[in-house]
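In what follows, a single structure is set out as structure tokens and then discussed.
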Amino acid sequence: MTTQTEAVPGRTTQAPSTTEIWLRRARALAPLWTLLALGLFFSLASDTFLRPINLNNILVQVSTLALLGTGLTFVLLTGEIDLSIAAMVTFVGVVAAHLFANLEIPEPWPTLIALGAATLLGLVNGIATTKFRIPSFMATLAMSLIASGLAIWISQGRIIFEISEVSRFFGSGRVGDTGIRVLTVVAASALLVAFLVLRYTRFGRYVYMTGANKSAARLAGVNTDNITIAALVICGFTAGLAGLVNVGRLGSAQPQVINSFLIDAIGAVVLGGTALTGGRGGIIQTVFGLLIYGTLRNGLDNIPQIDPFAKEFITGVVLLFALVVNVVFSGRSSRDRT
Amino acid sequence: MTPTPVLELKNISKRFGGLQALKNVTFDLYPGETHALVGENGAGKSTLMRILSGVYSDYEGEYILDGEPTLLRSPADAQARGIGMIHQELSVLPELSVAENVFLGRQPLTPWGSIDWSKMYRIADEELGHLGFEINVKRPLEDYSLGIQQVVEVLRVILSGARVLIMDEPTSALSPAEVERLIELISTLRQQQRSIIYISHFLEEVMRVADRITVLRDGQKVDTLKQEDTSVDHLISLILGREVNATLPSATEHEDKQTLLEVRDLCSDAFNHIDLVVGAGEVLGLYGAVGAGHFDVARALFGMYRVDGGVIILDGHEFPQRFSASYAIKRGVAYATESRRKSLMLEEANYRNITLPHLGRIARIVPNRKREVDIAEPAMQMVNVQPPDPHNAVGKLSGGNQQKVAIARWITFPPKLFVVSEPTRGMDVGAKNEVLGILRNFRNDGFGVLVVSSEPETVLAVADRIIIMSRGQIVSELENQGNLDKDALMRLL
Ligand SMILES: Nc1ncnc2c1ncn2[C@@H]1O[C@H](COP(=O)(O)OP(=O)(O)OP(=O)(O)O)[C@@H](O)[C@H]1O
Ligand SMILES: [Mg+2]
């Protein structure tokens, strides 16, 4: 930079150069670059990847994850975590199917009761974390056992093969004659609502502030306990939705917990750029995280040369790599060194 | 023969995005010298020191250490070269014990390589004793006041063997007695030929400790003066670049002072049997040394400190035994803490920090950004936040300007009672006056103000009445009609 000549002594305010601005913008979009890079790679490596039917497949595959990620975004933004979501998915599926198939209660009651139960478990998570000050990591870990334990107990460890029309509609129904699946629409709506809430509402602001600096939020009169509880309740509810959708997709209710749901959901949300420490990130980031995840999983399936037993390993490596790229690119690691 | 300087900075310039924070600043430091750095909030003092201590390495100009051009890449690098920094905002680890904080990163080891706890406790205990602090070094640091935490930080840097000690507003949180001890300590360090850079807004203090004084204004050096060639008034005019108008708006007389706040027999673990009354149109000063419990009384009035008993009545309305901060806000209480870090969202924009306590009033569900900015802007102007951009993140402001934002948030919807702890901590001479003037105007408009402070000057400047607390008890109550001075207050502690 050249020194400036100036008539009046004092502070010069100089606009940052255009390259600087572009560099900053480019960095902020790191997840987008990751997504495009992966997309480009898979479309070159596989001729099936870019087909519309496959792109729709990606959306279907990430829909369940998107529902989990929606609620989880709220929780991570407040600086907490919810490890019980995978167990909730199983629990909700079993409850809905059990009420419908074994107790022969007509719809919509099984669906509503199952959703309500998941929301209630979210409330328990919230109360344990705030009122009893159990770290959410531990409280939701215990809840994960409770939910999966209930699922096994209720189902007596057996798969329930009979599911209701409502569940089937959620999981495999289509919107009119289009190829778009109902579950994609459900997931997209959940993301949209969450986006609006977090971005524009007072509650959304409180969620961010609670995670960014809890004591500051309290000093400004924010009831941070209630905000944390609300976030965990929302997460319970969306995990419940994910459970319904999942049963519909599989066509049966399985009592085993699919652990990859938990890892994938946290992975996707964090990959998008929502901080585990709270206060930073949001739904847009989560959407990118989900798409990256979906592209990665689906893309690997579309390259026939890859050993199917190596897929998990490759996914892990790429996930770690993508995380590193995101952190380095957005300059988070080097900015503040105090 | 003049000795070579320990370090020299030549034509240092530093930009933050579009803001020129430093411009062609030259600075030097000799062995055994105490060199003070003064200037308005945002003048660039902390930025210059961050360059000195390796926090920022992207600047223009030359850094000469022991006669050699140097580029320090990190604070660790600086520490290895004997430059230690005490930051404006403490960087202690409150959960660790006092002794662990003293030896952070350099714990003494036994011959087997494990941490030598007994040695660590013994040395920490001795060294703190030398400074005149008798505290239990095994207890977690968070059990102690901010003042003690600061002392521990100072001690840590001293013990790390620093030849050059940078103190960025080290006394802003200390009680007068602690300040005296720090000044004594500085003269000991000077005898050991250590060099000290001392940043402070307390100019009397600066005149006492400094050999030379450099004045910064708007990122540029105004002058470097020998202590004997200058005076407090001269410094003030150099700092501000204009004559200072040090008078507050005069206090108007209120006919009949209605009782606004009444506190009866408030008790907790930190204070006992607190009785006090604040009238409408009155400023009550609550003065005490750091650790006297007066800051906790302030918190209790805002529902942020649990009390065991007692009554709080505001405007004829009795508060429940337990209440939340939002309840207090609704009833018309505002509270600004003594700690910026605790009360501000550093990564968020100014306007969001200012409107946060009032969001419920601004909108039930969706706050309108334009409306928020419209509310925040005049408040920022009233306390003169620099730079005045409401979209700027608070963390990018200088320390004193952050404090102004913490005050500004309560001006937007005036409360009935403004409880404010250390309102002027870290502010420059001009800003101090502005903020005290705002409190005075509040009072003149018929609101009640409770100023809680460990700085006698602050309390004496604005309070109509002063209550003095010591060890959690009220020890005396005085009318302040210009007949009191600093010594009178401190004697009563
Ligand atoms: N990280 C940053 N990003 C952008 N601007 C910054 C940053 N740090 C400081 N500034 C700006 O640089 C200027 C100088 O700030 P600095 O903290 O050095 O002031 P100071 O003299 O220490 O003031 P104070 O007495 O209030 O602590 C201010 O205008 C501040 O807003
Ligand atoms: Mg500073």
Report summary line: Between B:T252 and A:R174, the two model label points (7 Å from Cα along the beta-carbon direction) sit apart by a distance in nm of 7.7
Query - Inter-label distance for A:E104 and B:E347, nm, one decimal - labels placed 7 Å from Cα along Cα-to-Cβ - result: 5.6
Query raised in the report: For B:T259 and B:N11 in one chain, what is 0.36 nm times their gap in residues minus the Cα-Cα distance, to one decimal in nm?
Result: 83.5 nm
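In percent, what relative contact order does chain A have, based on Cα pairs under 8 Å that are 6 or more apart in sequence? Don't skip to the end; give the middle numbers.
Values: 535 pairs, mean separation 108.2, N = 338.
Relative CO of chain A lands at 32 percent.
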Query - Helical mean residue ellipticity (222 nm; -39500 (n - 2.57) per DSSP H run of 4+; nearest 500) of chain A - result: -22500 deg cm²/dmol
Query raised in the report: Toward the positive end of the charge dipole of region A:48-257, about the Cα centre and with charges on Cβ (Lys, Arg +1; Asp, Glu -1), which of A:Q256, A:I134, A:F203 goes farthest?
Result: A:F203
Report task. Determine the shape class of the protein assembly as shown: with a ≥ b ≥ c the square roots of the Cα gyration tensor eigenvalues, call it rounded for a/c under 1.5, and otherwise prolate if a/b is greater than b/c, oblate otherwise. Result -> prolate
Query raised in the report: By a straight-distance test (C-alpha under 18 Å), which aspartates and glutamates pair with B:K226 as possible cross-link partners, with residues fewer than eight away in the same chain excluded?
Result: B:E8, B:D28, B:E33, B:E204, B:E205, B:D211
Report summary line: When the charge dipole of chain B is computed with +1 at the Cβ of Lys and Arg and -1 at the Cβ of Asp and Glu, the Cα pointing farthest to the positive end, of B:G395, B:V154, B:L417, is that of B:G395
Query raised in the report: Which residue, A:G157, A:G173, A:G299, tops the fluctuation ranking in a GNM of chain A built on C-alpha contacts under 10 Å?
Result: A:G157
**Report entry** Derived scalar couplings ³J(HN,Hα) [region B:398-404; Karplus, 6.51 cos²θ - 1.76 cosθ + 1.60; whole Hz; x for Gly, Pro]
**Finding:** 6, x, x, 6, 5, 4, 5
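What FRET efficiency do you get for A:W33 and A:N56 if R0 is 25 Å and r is their Cβ-Cβ distance, rounded to the nearest 0.05?
Details: r = 24 Å, r/R0 = 0.96.
Efficiency for this residue pair is about 0.55.
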**Report entry** Acute angle (nearest 10 degrees) that the helix A:224-250 long axis makes with the longest principal axis of chain A, alpha-carbon atoms
**Finding:** 50
Requested in this report: Between A:L320 and B:W117, with labels modelled 7 Å along Cα→Cβ, what's the label distance in nm to one decimal, could you check?
Outcome: 3.6
**Report entry** Cα gyration tensor shape of chain B, rounded if a/c is under 1.5, else prolate or oblate by comparing a/b with b/c
**Finding:** prolate
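Which order do the peptides B:451-461, B:361-371 come out in when sorted by mean C-beta neighbours inside 10 angstrom, highest first?
For the peptides B:451-461, B:361-371, the packing ranking is B:451-461, B:361-371.
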Query raised in the report: With charges set only on the Cβ (+1 for Lys and Arg, -1 for Asp and Glu), what does the dipole of region B:259-490 come to about its Cα centre, in debye to the nearest 20?
Result: 980
Report summary line: Among B:H234, B:I313, B:L93, the residue whose Cα sits farthest towards the positive end of the charge dipole of chain B, when +1 is placed on the Cβ of each Lys and Arg and -1 on the Cβ of each Asp and Glu, is B:L93
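Can you give the calculated 222 nm mean residue ellipticity of chain B, where each DSSP H run of n ≥ 4 adds -39,500 (n - 2.57) and the sum is split over every residue, rounded to the nearest 500 deg cm²/dmol?
On the way: 18 runs with 162 residues, N = 493.
Value at 222 nm, helices only: -9500 deg cm²/dmol.
Going from the alpha-carbon gyration tensor of chain A, what semi-axes, largest first and in whole Å, does one get by taking the root of 5 times each eigenvalue?
Working: eigenvalues 291, 147, 57 Å².
Value: 38, 27, 17 Å, ordered largest first.
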Report summary line: Quick calc, the protein assembly as shown, dipole around Cα centre from Cβ unit charges on Lys, Arg (+) and Asp, Glu (-), nearest 20 debye, gives 2380
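For peptide A:217-229, what's the mean number of Cβ atoms from other chains within 10 Å of each residue's Cβ? Working shown, then result.
Working: counts 5, 8, 15, 15, 18, 7, 4, 1, 1, 2, 0, 0, 0.
Average neighbour count from other chains, rounded to a whole number: 6.
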Query raised in the report: Can you flag which of A:K214/B:K10; A:K131/A:K311; B:K10/B:K396; B:K14/B:K404 are past 32 Å Cα-Cα?
Result: A:K214/B:K10; A:K131/A:K311
Query raised in the report: What trypsin sites (Lys or Arg not before Pro) in region B:206-244 are in a loop by DSSP, with at most 13 other Cβ atoms within 10 Å of the Cβ?
Result: B:R242
Report task. Using a/c under 1.5 as the rounded threshold, could you call region A:127-224 rounded, prolate or oblate? The axes a ≥ b ≥ c are square roots of the C-alpha gyration tensor eigenvalues, and prolate needs a/b larger than b/c, oblate otherwise. Result -> oblate
Report summary line: Of region B:34-48, those with amide N under 19 Å from the point 7 Å along the Cα→Cβ vector of B:H234 are B:34-40
**Report entry** For B:L37, residues with placed amide H under 5 Å, excluding near neighbours
**Finding:** B:Y198, B:I199, B:S200, B:T214
Report summary line: Cross-link reach from B:K486 to lysines, straight Cα distance under 23 Å and at least 8 residues apart if same chain, gives B:K432
Report summary line: If amide H atoms are modeled at 1.01 Å from N in the peptide plane, then the residues at a separation of 5 or more from B:R81, or on another chain, having amide H under 5 Å from its own are none
Query - A:Y200 accessible area, 1.4 Å probe, all protein chains in place, Å² to nearest 10 - result: 120
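Just to confirm, what accessible area per residue do you get for the protein assembly as shown at 1.4 Å probe, in whole Å²? Mind showing how you got there, number by number?
Numbers: 36500 Å² over 831 residues.
I get 44 Å² per residue for this part.
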Query raised in the report: Using +1 on the beta carbon of Lys and Arg, -1 on that of Asp and Glu, and nothing else charged, what's the dipole of region A:48-257 about the Cα centre, debye to 20?
Result: 580
Report summary line: Output row, site B:R242, 7 Å Cα→C-beta label point, backbone N cut-off 18 Å, window region B:23-43, residues B:39-43
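The values are calculated or read from the model by the stated rules, or taken from the named source; none is laboratory data. What you are looking at is a predicted structure, and each value in this text was computed from that prediction instead of being measured. Because the Cβ atoms are built from the backbone with ideal geometry, glycine has one as well, and the counts that use them run over all protein chains shown. Heads up: the accessible areas ignore ligands, DNA and RNA and are worked out on the full protein's heavy atoms, side chains in. Shrake-Rupley method; radii C 1.70, N 1.55, O 1.52, S 1.80 Å.
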